[in-house]
Amino acid sequence: MKEILCKLLVIGAGPGGYVCAIRAGQLGVDTVLVEAGKLGGTCLNVGCIPSKALIHAADEFSAIRGMQARSTIGIRVENCAIDLAATIAWKNGIVGRLNSGVAALLQKASVKIVHGQAAFRDGKTVAVETETGVQIIRAEAIVIATGSEPVALPGLPFGGRVITSTEALSLTEPPERLVIVGGGYIGLELGTAFAKLGSKVTVVEATPQILPLYDSELVRPVSRRLEQLGVRVMTGAKAKGLSSAGDALRIETSAGREEELPSDRILVTVGRRPRTDSSGLEELDLDRTGPYLRIDDQCRTSMRGIYAIGDITGEPMLAHRAMAQGEMVAEIVAGNKRAWDKRCIPAICFTDPEIVTAGLSPAEARAQGYEIRVGQFPFSANGRAMTMQAEDGFMRIVARADNNLVIGAQAVGNGVSELSTAFALAIEMGARLEDLVGTIHAHPTRGEAFQEAAFKALGHALHI
Ligand code: FAD
Ligand code: NAD
């Protein structure tokens, strides 16, 4: 039996694991990375990247189709159609390019990649089932970065017409009737895309509001747009299972009535759970917080020398959090002093319009005992938004009333995802409202609304 000795072993090559391995390699740490599937994990292969490709294609198609029906800006379109199989091939091309890119970066950092399923033998030893037999790896430090997988509902097992986001991202034709269970991130991002591609979409959400993580003011423009797109949104409704003929979803509505929703596909997006049963974790008996591995501020688990990063460590299950944890752990394993001390983890929902949040909402800030100033600026008063036909939505800043420190920033609007960088930077650097109004914001941009919201919080908005 072959055996490899190394300083660092990373299990899972998603954004957490591959970033950790690259940084460790750059720092001269002798590193092995094990991956059972494809480099890039959920994010690159069946998550962030493919979903954003599909959303982009749907946006383009919907915009052009809109011009065919009625052009307000002087562009006339005769015929417009989409070949979803070709769109999916284009998306797969992007994924392939990024897979190769990650492989090249790992190679450049001298990381050894082992393909296969890893299982713990003990706290220092892992066995990997490879194509050529079992490979034993012994390491001084091990990082568990095995990610997450979709949650299935009782009565709605995956298979046949009941699908996960992974299958949804490879459909070569839009389903005629698509029922989505779960109006969270994935359900609404993909639901919006499929509605634009021509599907008749129904969203069944258990709580009283779609996107329950966001405040209702931020969600309102998204609800309006879903209505325009003809998406039927049923809140306070529970999925009960398949109809006896298997061609409809049985639900209980908010009024307590039973209803059947005929569907060609039922996309279940009710959350993801940590992948804790893929790597022999039962051998180690690590402490948990709920279903997740418990970690401290250095991503150390309850066992010495074993770290955990990414989705397996809990919410928020976001690629950029996994990457930041991976980078930090590599530094720690290399002997550098680092700890998790982030002011915020920005989050974006790529709906139409997009929602972006960083730090605290007004309600969260008040609940934490802060007296606050809030500045809100509508995109209907922003020149660039007008020229982009994207006036719905607003920008909001939350600052402490005593010293004007910015503790939160949120926006809903077309293209606002790119503002997440400015929001996170302002909060992480400890900016005050005076810093934002004192920074020249280039004109005409939607980003100017950030400065205007700060002016407004200080009580003297210029353009409203
Ligand atoms: P993963 O990316 O899940 O990677 C884990 C890897 O470990 C996998 O490749 C798996 O094969 C491997 N593995 C598991 N067990 C073993 C084993 N025993 N041996 C070897 N290998 C193993 N996040 C965002 O920030 N922005 C987005 O826009 C976004 N969009 C998303 C859209 C969809 C449809 C989905 C499903 C998710 C999206 N996410 C998004 C979430 C994001 O993909 C995850 O937060 C991120 O991928 C987590 O990274 P990770 O490294 O923890 O795990
Ligand atoms: P989610 O937690 O975002 O949404 C799940 C939704 O399903 C919630 O609104 C919940 O109330 C609802 N729900 C739960 N049980 C239900 C039931 N029985 N019937 C009806 N509704 C029910 O989960 P998701 O959309 O599956 O996404 C999983 C994770 O992936 C997210 O939490 C996020 O961390 C990540 N993600 C991020 C992005 C992004 O950053 N843009 C995009 C996609 C996914």
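General remarks:
- Qualifying residue in the stretch 32-49 (condition: away from ligand 2 (no atom under 16 Å from the Cβ), of a type in the set (G, A, S) and assigned to a helix (DSSP H, G or I)): no
- Among residues that are modelled with pLDDT under 95 and under 27 Å from the mean Cα position of the chain (by Cα), Q410 is not included.
- Looking only at residues in the stretch 204-234 that are more than 23 Å from D264 (Cβ to Cβ) and assigned to a loop (DSSP other than H, G, I, E, B), the one that is modelled with the lowest pLDDT is L213.
- Contact map, the stretch 201-212: residues that are farther than 12 Å from G187 by Cα and in the same structural domain as E260 (by TED's automatic domain parsing) paired with residues that are in a loop (DSSP other than H, G, I, E, B) and more than 6 Å from ligand 2 (Cβ to nearest atom), Cβ distance under 8 Å, separation 6+ or inter-chain. Pairs shown: A206/G236; A206/A237; T207/T235; T207/G236; P208/T235; P208/G236; P208/S254; Q209/T235.
- Output for the stretch 172-195, where each listed residue is touching a strand residue (DSSP E or B) at 6+ places or on another chain (Cβ under 9 Å), within 13 Å of ligand 1 (Cβ to nearest atom), farther than 15 Å from I348 by Cα and among the aliphatic types (A, V, I, L, M): I180
- For the stretch 1-60, a residue qualifies if it is of a type in the set (S, T, N, Q) and within 14 Å of ligand 1 (Cβ to nearest atom), and the qualifying residues are T42, N45, S51.
Table: residues versus (1) farther than 30 Å from A24 by Cβ; (2) at pLDDT 95 or above; (3) among the small types (G, A, S).
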{"position": "H56", "(1), (2), (3)": "yes, yes, no"}
{"position": "R70", "(1), (2), (3)": "yes, no, no"}
{"position": "R76", "(1), (2), (3)": "yes, no, no"}
{"position": "C80", "(1), (2), (3)": "yes, no, no"}
{"position": "I88", "(1), (2), (3)": "yes, yes, no"}
{"position": "A104", "(1), (2), (3)": "no, yes, yes"}
{"position": "K108", "(1), (2), (3)": "no, yes, no"}
{"position": "V114", "(1), (2), (3)": "no, yes, no"}
{"position": "Q117", "(1), (2), (3)": "no, yes, no"}
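- The listed residue being over 29 Å from P362 (Cβ atoms) and within 14 Å of ligand 2 (Cβ to nearest atom), out of A193, A206: A193
- Filtered residue count, the stretch 348-394, keeping only those that are under 17 Å from G447 (Cα atoms), assigned to a strand (DSSP E or B) and among the small types (G, A, S): 2
- Top-ranked residue in the stretch 257-284 [being among the polar types (S, T, N, Q) and more than 30 Å from P174 (Cβ to Cβ); ranked as farthest from ligand 1 (Cβ to nearest atom)]: T276
- For the stretch 61-98, the set of residues classified as within 20 Å of A195 (Cα to Cα), within 24 Å of the chain's Cα centre (by Cα) and among the basic types (K, R) consists of K91 only.
- Failed item, numbered, when A58 is tested on (1) within 22 Å of the chain's Cα centre (by Cα); (2) closer than 17 Å to E327 by Cα; (3) assigned to a helix (DSSP H, G or I): (2)
- Residue list for the stretch 396-415, filter: part of a strand (DSSP E or B) and either β-branched (V, I, T) or over 16 Å from A347 (Cβ atoms) (or both): I397, V398, A399, R400, L405, V406, I407, V412
- Of note, V77 does not satisfy the criterion of being within 15 Å of ligand 1 (Cβ to nearest atom) and β-branched (V, I, T).
- Only one of the numbered conditions (1) at positive phi; (2) in contact with a helix residue (DSSP H, G or I) (Cβ under 8 Å, 6 or more places away or on another chain) is not met by G459, and that is (2).
- Taking the listed residues G159, G155, G198, the one that is more than 12 Å from ligand 1 (Cβ to nearest atom), surrounded by fewer than 24 Cβ atoms within 10 Å (Cβ to Cβ), over 22 Å from the mean Cα position of the chain (by Cα) and without any contact (Cβ under 8 Å) to a residue 24 or more places away in the chain is G159, with no other qualifying.
- Single residue of A118, A53 found to be of a type in the set (A, V, I, L, M), within 14 Å of A193 (Cβ to Cβ) and not assigned by TED's automatic domain parsing to the domain that holds T387: A53
- Test result for I295, free of Cβ contacts under 8 Å to residues at least 60 places away in the same chain and within 16 Å of ligand 1 (Cβ to nearest atom): yes
- Residue within the stretch 374-385 that is basic (K, R) and within 18 Å of I427 (Cα to Cα) present: no
- Meets criteria (within 21 Å of I295 (Cα to Cα) and in contact with a Pro (Cβ under 7 Å, 6 or more places away or on another chain)) for S165: no
The values are calculated or read from the model by the stated rules, or taken from the named source; none is laboratory data. Computed from a prediction, not measured in an experiment: that's the story for all the values here. FYI the Cβ positions are ideal-geometry reconstructions off the backbone, even for glycines, and counts take in every protein chain you see.
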